[in-house]
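Data block below; observations after.
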Amino acid sequence: MRILIANDDGYLAPGIAALVEACAGLGSVDVFAPERNASGTSNALTLHQPLSLHTAANGFRYVSGTPSDSVHLALTSGLIPKPDLVLSGINKGANMGDDTLYSGTVAAATEGYLFGVPAIAFSLVGHGWDHLDAAARVACQVIEHVLAQPPAPGPWLLNVNIPARADAEQCPWQVTRLGRRHASLPAVAQHNPRGDLFYWIGPAGEAREGGEGTDFHAVASGQVSITPLQVDMTDHQRLPAWQGWTSRR
Ligand code: MN
């Protein structure tokens, strides 16, 4: 089996090294990742400038672009054979609820999925890299289980959030839906040392819909959250109402 691994924290991040190590026994691994931290870049592709691609001493390839650029190049440059599985992470910090729309971690996996390859995004829910090793072992367990017993024909796209705990391997797994967040906190204005005014995007809001069955609830209850995602953003529930609306014009 061939595995492509990407992330959004950059090729030097501890999370991608841990994921590569965890996958060592599962097949041959190729790494394509952004050269810098590209968290929060969503599915952006770099269309108006060329991308540089280099290989680090450890064999990781790094790209002067986004997470989606990295996976896109891996799949279209002809440098590696088509992978059987695309993995992303392990991200530093949660990617739950509305965060998944902004997440470069989820986007890297999504890029694989869009090319017809099963894909999984992994995130470590905590601050910093505490208990990364335990999270990597959980990631390996999830990969092995889904490959051995896929619940549905592929390709599929999973978003996995792992609590940062030493005993993460003992945490139950829960298949969840995405919760919702409140809008992010206000932007923070700051002056630089030369008196120019700048703004920082505010931090994410608290969970607004974090009830039972959501990713927020699972992780808060000490469980590994596994959310199957899809790309179709159509509002299927209200589609008939909208279709009726045009007929009344
Ligand atoms: Mn990140």
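Observations on the model:
- For the chain, the solvent-accessible area with a 1.4 angstrom probe is 53 square angstrom per residue.
- For the peptides 117-126, 213-222, residues were scored by their other Cβ atoms within 10 Å and the scores averaged per peptide; the highest-first order is 117-126, 213-222.
- Percent carbon-and-sulfur accessible area, segment 43-88, ignoring ligands, DNA and RNA, probe 1.4 Å: 54
- The chain - Debye-derived log10 I(q)/I(0), Cα point model, q = 0.09, 0.11 Å⁻¹: -0.41, -0.60
- Estimated dipole of segment 1-140 in Debye, rounded to 20 [Cβ of Lys and Arg +1, of Asp and Glu -1, Cα centre]: 260
- Share, in percent, of DSSP beta bridges within the chain that are antiparallel, nearest 5: 35
- Working from label points 7 Å from Cα in the Cα-to-Cβ sense, the Q237 to L147 distance is 3.7 nm.
- Two-site FRET efficiency, L79 against R249, from Cβ-Cβ distance with R₀ of 41 Å, rounded to 0.05: 0.20
- Net length available on complete extension from S184 to E169 is 2.2 nm, with 0.36 nm assigned per residue and the Cα-Cα distance removed.
- The loop-placed GluC sites (Glu not before Pro) in segment 154-212, going by DSSP, that have at most 15 neighbouring Cβ atoms within 10 Å of their Cβ come out as E206, E212.
The values are calculated or read from the model by the stated rules, or taken from the named source; none is laboratory data. Since the structure is predicted, the reported quantities are computational estimates derived from the model, not experimental observations. Cβ sites come from the backbone with ideal geometry, for glycine too, and all protein chains shown count toward neighbours. Side chains included, ligands, DNA and RNA excluded: accessible areas come from the protein's heavy atoms. Shrake-Rupley method; radii C 1.70, N 1.55, O 1.52, S 1.80 Å.
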